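J.: Pasting in a structure now, in structure tokens, and then I'll have a few things to ask.
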Amino acid sequence: MEIAKVGIVGAGQMGNGIAHVFALAGYDVLLNDISEDSLKKALALIDRNMERQVTREKITAEEKAAAFGRIKTTLVLTDIAKTDLVIEAATERETVKAAIFEDLVPHLLPHTILTSNTSSISITRLATRTDRPEKFMGFHFMNPVPIMQLVELIRGIATDEPTYNACLEVVERLGKTAARAEDFPAFIVNRILMPMINEAVYVLYEGVGSVRSIDESLKLGANHPMGPLELADFIGLDTCLAIMNVLHDGLADTKYRPCPLLTKYVEAGWLGRKTGRGFYDYRGEVPVPTR
């Protein structure tokens, strides 16, 4: 099927990046959020990020203007239903995502494909909350979306071949690379990445190393571009904890037990960069370790 119009639910960190890359690839984009302020902030951020691409000669000013003109916004969730492809990029809570799909179902076009940008939640289970599990799959972008090249495509147990192929063609048109993943907790990237971050928090919790020494060790000793605690702050400690809980609950293996210190930071509301404090304090000119 021909996918021309894409609806994105959620204008936050992931949703605005997804809108950015789809618009640049020539798709008409309808971006939805429950907050007018969030939509305005998303458009302003997309504008700045595209302008940065113009400055770096990744795109032309004309390409930016054309792409930005393809993005429309709406506060009405059901407007999203009249698109060819829906990408849900709301908060990483299953109850929220399920409610979104249930609200959309009565208004969908017969051919509309439903997808979720979830980083860990069961695609098969989410699909059961819709009228089209065969046209439902995981469409997991990496953050920041305009820069990261990978997209995980996750098939639920009912996802059919035409739906997978349609989404694969979309990824190729975006100029990104698809990794096919099976529908098991946290898929590929987070199944490997989050236990590493969780283990880094355990190393801090047990006093084996400080925030700075842990991050420096992985950057200089394993050639990682960011240390694991710095990366956790970038992702959001609430998201890291949510994914660890999905792994722990879904696989019933104690090696996925979330570190108590990670839980404590989330309880304190120290979620990383987005709240100004996490394993680092970002409120000054230079990030300072909080432990």
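J.: Do you know which residues across region 1-22 are surrounded by fewer than 24 Cβ atoms within 10 Å (Cβ to Cβ) and either part of a strand (DSSP E or B) or over 17 Å from the mean Cα position of the chain (by Cα) (or both)?
T.: Hits for region 1-22 are Met1, Glu2, Ile3, Ala4, Lys5.
J.: Given the condition crowded, with 16+ Cβ neighbours inside 10 Å and closer than 26 Å to Met1 by Cα, answer yes or no: does some residue in region 182-191 qualify?
T.: yes
J.: What number of residues within region 246-262 are assigned to a helix (DSSP H, G or I) and more than 21 Å from Thr118 (Cβ to Cβ)?
T.: 4
J.: Only residues in region 106-135 that are touching a residue at least 60 places away in the same chain (Cβ under 8 Å) and within 23 Å of Met1 (Cα to Cα) count as the first member; pair them with residues that are polar (S, T, N, Q) and in a helix (DSSP H, G or I), Cβ under 8 angstrom, at least 6 apart or cross-chain, and list the lot.
T.: Ile113/Thr163
J.: Just to be sure before I move on: is Val170 among the aliphatic types (A, V, I, L, M) and either in contact with a strand residue (DSSP E or B) (Cβ under 6 Å, 6 or more places away or on another chain) or under 23 Å from Ala98 (Cβ atoms) (or both) in the structure I sent?
T.: no
J.: In region 42-66, what count of residues is obtained for those that are of a type in the set (Asp, Glu) and touching a Lys or Arg at 6+ places or on another chain (Cβ under 9 Å)?
T.: So the count comes out to 2.
J.: Now for a separate question. I'd like the full set of residues that are in contact (Cβ under 8 Å) with a residue 60 or more places away in the chain and in a strand (DSSP E or B), limited to region 263-282.
T.: The answer is Tyr280, and nothing else.
J.: Let me ask something else about it. What pairs come out if I take residues in region 241-256 that are farther than 12 Å from Ile121 by Cα and aliphatic (A, V, I, L, M) and pair them with residues that are modelled with pLDDT of 95 or more and buried (at least 16 other Cβ atoms within 10 Å of the Cβ) whose C-beta lies under 7 Å away, six or more apart or interchain?
T.: What qualifies is Leu241/Pro258; Leu241/Leu262; Leu241/Val266.
J.: Quickly run through region 35-46 and pick out the residues that are out of contact with any strand residue (DSSP E or B) (no Cβ under 9 Å at 6 or more places or on another chain) and loosely packed, with under 14 Cβ neighbours inside 10 Å. Give the derivation first.
T.: At the first step, the residues of region 35-46 found to be out of contact with any strand residue (DSSP E or B) (no Cβ under 9 Å at 6 or more places or on another chain) are 35, 37-38, 41, 44-45.
Across region 35-46, the qualifying residues are Ser35, Asp37, Ala44.
J.: Are any residues in region 48-72 surrounded by 14 or more Cβ atoms within 10 Å (Cβ to Cβ) and assigned to a helix (DSSP H, G or I), and if so, which ones?
T.: Result: Asn49, Met50, Glu51, Gln53, Val54, Glu63, Lys64, Ala66, Ala67, Phe68.
J.: Among (1) surrounded by 15 or more Cβ atoms within 10 Å (Cβ to Cβ); (2) over 19 Å from Asp28 (Cα atoms); (3) out of contact with any strand residue (DSSP E or B) (no Cβ under 6 Å at 6 or more places or on another chain), where does Ala99 come up short?
T.: Condition (1) is where Ala99 drops out.
J.: Then there is this: Quick check on this structure: which one of Leu30, Leu109 is assigned by TED's automatic domain parsing to the domain that holds Leu153, loosely packed, with under 14 Cβ neighbours inside 10 Å and either in contact with a Gly (Cβ under 7 Å, 6 or more places away or on another chain) or modelled with pLDDT of 95 or more (or both)?
T.: Numbers: Leu30 fails: loosely packed, with under 14 Cβ neighbours inside 10 Å.
Within the list Leu30, Leu109, the selection yields Leu109.
J.: So in region 246-291, with the set limited to residues that are surrounded by fewer than 13 Cβ atoms within 10 Å (Cβ to Cβ) and of a type in the set (Asp, Glu), which one is farthest from the chain's Cα centre (by Cα)?
T.: Glu285
J.: A further question on this structure: State whether the residues of region 171-186 include one that is among the β-branched types (Val, Ile, Thr) and in the same structural domain as Phe22 (by TED's automatic domain parsing).
T.: Step one: filter region 171-186 for residues among the β-branched types (Val, Ile, Thr), giving 171, 177.
Next cut, in the same structural domain as Phe22 (by TED's automatic domain parsing) only: 171, 177.
Yes.
J.: Here is a further query. Consider Ile80 against the criteria (1) touching a residue at least 60 places away in the same chain (Cβ under 8 Å); (2) exposed (fewer than 13 other Cβ atoms within 10 Å of the Cβ): it satisfies all of them except one. Which criterion is unmet?
T.: Of (1) touching a residue at least 60 places away in the same chain (Cβ under 8 Å); (2) exposed (fewer than 13 other Cβ atoms within 10 Å of the Cβ), only one is false for Ile80: (2).
J.: Which condition does Leu31 not pass, out of (1) within 30 Å of Leu247 (Cα to Cα); (2) not in a helix (DSSP H, G or I), if it passes all the others?
T.: Against the list (1) within 30 Å of Leu247 (Cα to Cα); (2) not in a helix (DSSP H, G or I), Leu31 comes up short only on (1).
The values are calculated or read from the model by the stated rules, or taken from the named source; none is laboratory data. Everything numeric here is computed off the predicted structure, so don't read it as measured data. Don't worry about glycine lacking a Cβ; one is built from the backbone with ideal geometry, like all the others, and counts go over all protein chains shown.
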